[in-house]
1. Looking at segment 45-58, can you tell me whether even one residue there is touching a residue at least 12 places away in the same chain (Cβ under 8 Å), surrounded by 16 or more Cβ atoms within 10 Å (Cβ to Cβ) and within 15 Å of Thr179 (Cβ to Cβ)?
2. Look at Val95 and say whether it is in contact with a Gly (Cβ under 7 Å, 6 or more places away or on another chain) and crowded, with 24+ Cβ neighbours inside 10 Å.
3. Sort out which residues of segment 55-73 are at pLDDT 90 or above and not aliphatic (A, V, I, L, M), and write them in order of number.
4. If you scan segment 99-145, which residues turn out to be among the small types (Gly, Ala, Ser) and touching a Cys at 6+ places or on another chain (Cβ under 7 Å)?
5. Residues of segment 46-98 being among the hydroxyl-bearing types (Ser, Thr, Tyr) and more than 16 Å from the chain's Cα centre (by Cα), which ones?
6. Taking Asn123, is it surrounded by 22 or more Cβ atoms within 10 Å (Cβ to Cβ), in contact (Cβ under 8 Å) with a residue 24 or more places away in the chain and assigned to a loop (DSSP other than H, G, I, E, B)?
7. Of all the helices (runs of 4 or more DSSP H) wholly in segment 146-228, which have at least 2 residues that are hydroxyl-bearing (Ser, Thr, Tyr), modelled with pLDDT of 95 or more and under 21 Å from Leu82 (Cα atoms)?
8. Under 9 Å between Cβ atoms, which residue pairs at least 6 apart in sequence (or on different chains) link something in segment 256-271 that is in a loop (DSSP other than H, G, I, E, B) with a partner that is surrounded by 14 or more Cβ atoms within 10 Å (Cβ to Cβ) and charged (D, E, K, R)?
Amino acid sequence: MLHGIFGNNEYYHSLLLIYTYNLGMRTTLFTTFYIVLNIACYAGTYSPEDLDISRVKKNFTRIINPDNIINKEYSDSIDLILLKLDSLGIQGIIVACEHFKDDDPYEFAIGVGRLLGVGTKQNLGIVIALATGDRSYWISTGEGMEKYLPDIICHRIENKYMIPYLKKNKWGEALYFATKGIYGYISNNPEYVEELKTNNSSDSTGHSGWKLLGILAGIIGLIKYASYRQAKKEKHCPYCDTYELVLIKKEQKKINNNQIRYKRIYQCNNCRQFVYKDIIHTTYNKAGSGYGSVGGGIIGGSSGNFHHSPSKNGPFSGLGGGHFGGGGAGGRF
């Protein structure tokens with residue numbers, strides 16, 4: 001048909017061939033660019049299931065570092081601190097990569113904790129997750145860890161030891177000093193306890209007046225005060241330390257015959273940050289709750305005696321007993 005249109009004119013035939021060739025080249029280049037762009041976008045993007053956890057499962061390390069974001073010097077130093085935590089009965093995991101799937105550090109940290117069963121049967125676990133490309137982070141703690149590492153302390157550790165280094169793209173330093181701060185606080189190092197545990201005036205007010213009243217009035221007053229404190233706690237924002245949280249979403253899911261997971265999402269009217277509360281209720285062992293992510297247990301039982309059971313492979317204790325779903329804190333930088 002083209003021959004019929006252009007006849008035997010070699011000039012037009014040549015133009016047609018050149019045009020067809022250029023069109024093919026442009027299509028090839030566009031396709032190649034599209035493929036490369038998609039590879040670039042998804043490279044370094046991980047869900048918990050995408051991670052190589054072979055060395056962690058063998059208990060040789062507690063660090064998952066698929067994109068080599070943490071150099072060997074800091075990786076070794078962090079593992080030494082995590083080994084000290086392990087000797088206290090607390091299992092800690094560090095994950096550093098470029099991107100979290102769906103850009104959700106909260107769900108990512110929970111997923112890692114549940115995938116590895118961080119925390120043993122006592123549910124004692126900490127997961128620190130960092131995505132350098134997303135510029136997001138999360139410290140997730142277990143339910144029992146709330147007594148030893150409250151959510152507000154996690155937030156202060158992030159502000160004091162992580163964010164200053166994260167803003168300078170010093171990833172190893174940020175994770176090293178955050179881990180060191182966690183260990184220092186949990187092990188009651190006076191330097192860290194004094195720096196991180198500031199007095200909260202609302203914790204010490206309202207009680208002295210009842211001493212002047214009768215026993216009956218005191219009991220009634222304490223009951224009312226406890227109810228007020230509980231209601232106030234529900235609205236407390238760990239980011240700006242105000243009481244402006246508003247519930248925007250809640251979910252309930254049955255895990256098994258003994259456990260129900262309650263997930264609530266709040267937003268602070270003051271700082272606009274989102275706060276997540278993940279509660280796992282069991283009929284035989286009521287779980288605690290907290291802001292953010294993971295689950296946990298009680299360090300060494302009620303007596304406070306810490307324990308450590310080395311594994312057959314590496315120096316760390318064996319993973320696999322924790323179920324995760326408690327507290328923590330995180331954000332972006």
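The values are calculated or read from the model by the stated rules, or taken from the named source; none is laboratory data. Given the structure is predicted, the values throughout are model-derived calculations rather than measurements. Methodologically, a virtual Cβ is constructed for each residue, glycine included, from the backbone with ideal geometry; neighbour enumeration extends over all protein chains shown.
1. No.
2. Taking the combined requirement at face value, the residue does not satisfy it.
3. Once the filter is applied, which keeps residues that are at pLDDT 90 or above and not aliphatic (A, V, I, L, M), segment 55-73 yields Thr61, Arg62, Asn65, Pro66, Asp67, Asn68, Asn71, Lys72, Glu73.
4. If the condition is that a residue be among the small types (Gly, Ala, Ser) and touching a Cys at 6+ places or on another chain (Cβ under 7 Å), then Ala131 is the only one that fits.
5. Ser54, Thr61, Tyr74, Ser75, Ser77, Ser87
6. When the stated conditions are applied, Asn123 passes them.
7. Answer list for segment 146-228: 171-186.
8. Final answer for the pair search is Asn269/Glu244; Asn270/Glu244; Cys271/Glu244.
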